[in-house]
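Take a look at the structure set out below.
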């Protein structure tokens with residue numbers, strides 16, 4: 001099974017591209033979904049509680065990602081220090097979970113899986129990808145999409161600021177998808193990539 005890593009700027013359309021690959025028959029490995037699972041692991045909850053206390057937990061006793069985000073995306077010096085703690089805590093566990101899910105997809109006979117991970121390069125998960133696809137989209141478009149998620153421009157900038165630069169992502173990619181025009185144009189590019197993979 002080939003694993004295709006998807007990278008791009010914040011709100012560039014990475015999940016949309018992953019879903020279109022899925023419609024063609026690819027399995028999808030979602031780092032965000034794996035992250036939710038990891039945040040429910042008792043040892044992770046315990047470490048987070050020791051670090052930040054009960055105020056980052058919701059009424060059900062689960063980690064509240066929005067409250068954690070306010071801490072780890074805070075301005076320097078605290079934000080970067082706390083983000084490093086969180087990444088060191090969860091990234092290895094997320095990576096292991098993604099590897100297990102990839103093995104399960106391979107056992108099901110999938111020929112291709114796509115890895116949708118916002119921090120794919122930063123976490124080193126590109127190491128188990130056969131190819132990396134960069135989803136390119138202009139900043140104004142991405143800002144509009146982020147606003148539709150309820151993010152301010154400040155939220156957008158903070159999140160993009162902790163990721164690898166777009167130039168490095170583009171340079172690391174084997175293939176670039178221009179998610180600029182119509183959905184049909186994006187779909188046509190994805191189909192060309194798919195056929196190059198599976199024949």
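Short-range pairs are left out: with C-alpha atoms under 8 Å and at least six residues apart, the relative contact order of the chain is 39 percent. If the chain linking residue 58 and residue 164 were pulled fully straight, counting 0.36 nm for each residue of separation and taking away their Cα-Cα distance, it would gain 35.1 nm. The C-alpha atoms of the chain define a longest principal axis, and helix 14-23 lies at about 50 degrees to it.
At the listed q of 0.14, 0.15, 0.24 Å⁻¹, the Debye profile of segment 16-88, built from one uniform point per Cα, gives log10 I(q)/I(0) equal to -0.55, -0.61, -1.06.
Report summary: the helix-based calculation at 222 nm, which adds -39500 (n - 2.57) for every DSSP H run with n ≥ 4 and divides by the residues of the chain, gives -17000 deg cm²/dmol. With N as its number of residues, segment 158-199 has a Cα radius of gyration that, divided by 2.2 N^0.38 Å, comes to 1.46.
Mind telling me which of 174, 58, 116 comes out most flexible in a GNM of the chain, alpha-carbon contacts under 10 Å? Among 174, 58, 116, the largest mean-square fluctuation in the Gaussian network model of the chain belongs to 58.
If a/c stays under 1.5 just call it rounded; otherwise compare a/b with b/c (prolate if a/b is bigger, oblate if not). Do that for the chain, with a ≥ b ≥ c from the square roots of the Cα gyration tensor eigenvalues. Taking the square roots of the gyration eigenvalues as a ≥ b ≥ c, the chain is oblate. What shape does segment 120-188 have by the C-alpha gyration tensor, where a ≥ b ≥ c are the square roots of the eigenvalues, rounded means a/c under 1.5, and otherwise prolate means a/b greater than b/c and oblate the rest? Note, shape of segment 120-188 comes out oblate. Using a/c under 1.5 as the rounded threshold, could you call segment 60-145 rounded, prolate or oblate? The axes a ≥ b ≥ c are square roots of the C-alpha gyration tensor eigenvalues, and prolate needs a/b larger than b/c, oblate otherwise. It is oblate, given that a/c is not under 1.5 and a/b is not larger than b/c.
Every number here is computed from the coordinates shown, using simple stated rules; none is lab data. Everything quoted here is computed from the prediction, not taken from an experiment.
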